[in-house]
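First, the structure itself, so that you have it in front of you.
What follows draws every value from the coordinates through simple rules; no lab data is involved. Keep in mind that this is a model prediction, so the values were computed, not measured. Here the Cβ positions follow ideal geometry from the backbone for every residue, glycine too, while neighbour counts run over all protein chains shown.
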Amino acid sequence: MYKNLNAAALGISGRQSELIELAMTFGFQGLDIDALDLEKRCARTDFPKASRFLLSSKMRVSSFDVPADLDADDSVFEESLKVVESVVAVAGQVGARAGIARIPAATDRSAFPQYFEWIRSRIDRLGGIFEKHSVLLGLVFSTYSEARAGKQYTFVHDVPGALALYNACSSPAVGLVIDSFDWTVGKGTWEQLATLPGSRIAGFNIADLSDIPSAETCDKSARLVAGTTGKIDNAKFATMLHQQGYDGPITSCPEASNFGTVTRDAIVSRAQEVLDQTLQKAGQPTQTRRPDLVVADTDTSFEQFGTDA
């Protein structure tokens, strides 16, 4: 398991070269990328030029967002498959572990049985593309009530629903992202987690919460930095996934708005710390890197999202 930087999850943006430098400076071994942007740059120049910083950095490419909306109209989805084909081909060339596809939490199209089969068939079509390029298609679900607001029919927003959809898919490229926050809020169990082979786990995201909200009240603000309260045992997640053969990324994924005015370097440094401490508690090797450019941060706004991991 290796420390991964998802800059977007931390509310950080920048050019690919800037994010690579940031990840390397703070001791991350992998990062998530904007594969659509990379594909466009490859089209404008060529693959060696577009990927030179990424490949020369020796950073592992963990994941990227799949440019397809599973709930889109048929014509829109069909067009998106062409883009997906090009993007996954490039992602495969840089050794990406997984592309992340978001399962709709709700829809206006149809009730559960019919919609389930409709979504499953689309996931399997995407899975066929990913399989050709030896990249996982990682499914992720949301427990946020905002994701279901204003829709007529609820869909997958908990662990039982996500597992049912995952198990119904026939493509061997289809996997799941394990998010400790959504697994906890979404009524997942350790026994269910133990059924997943490490090779089909697309990613592992960690966070924390102060109290476990209900499905009706869960919102983004409840997602805290891992270790803030210790209500979520992220070390136990890490231990179990390691035992199941998972050797992919571990990523800090709190709600970025909870950081307030903390500097970018302080946010990334904190992400490194919580990942290191989680791995240490799980008995897995890791090493903290404290670059000289990072001075002691005295900003008391850190108090609002926790100081212990």
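Estimate the FRET efficiency between residue 46 and residue 79 by the formula 1/(1 + (r/R0)^6), using the beta-carbon distance for r and 22 Å for R0, to the nearest 0.05.
0.30
Over the chain, what is the relative contact order in percent, taking alpha-carbon pairs closer than 8 angstrom and at least six residues apart?
Rounded, it is 19 percent for the chain.
Note down the nm distance, to one decimal, between modelled labels 7 Å out along Cα→Cβ at residue 132 and at residue 199.
2.2 nm
To the nearest 500 deg cm²/dmol, what mean residue ellipticity at 222 nm is calculated for the chain from DSSP H runs of n ≥ 4 alone, each contributing -39,500 (n - 2.57), summed and divided by the residues?
-12000 deg cm²/dmol
Excluding residues on the same chain fewer than 8 positions from residue 40, give the aspartates and glutamates whose Cα lies under 20 Å from its Cα.
Within the straight-line limit of under 20 Å, residue 40 reaches these aspartates and glutamates: 18, 32, 65, 69, 78, 79, 85.
I'd like the antiparallel share, as a percent to the nearest 5, of DSSP beta bridges with both residues in the range 2-305.
10 percent
Among the lysines, select those whose C-alpha is under 24 Å from the C-alpha of residue 3, and discard any that sit fewer than 8 residues away in the same chain.
Reachable lysines: 58, 220, 231, 236, 281.
Next question, about the same structure. Which value in nm describes the separation of the simple spin-label points at residue 216 and residue 167, placed 7 Å from the Cα toward the beta carbon?
Label at residue 216, label at residue 167, 2.9 nm between them.
Express the Stokes-Einstein translational diffusion coefficient of the range 187-263 in µm² s⁻¹, to the nearest whole number, given a Kirkwood radius over alpha-carbon pairs, 10 °C and a viscosity of 1.306 mPa s.
Approximately 115 µm²/s, per Stokes-Einstein.
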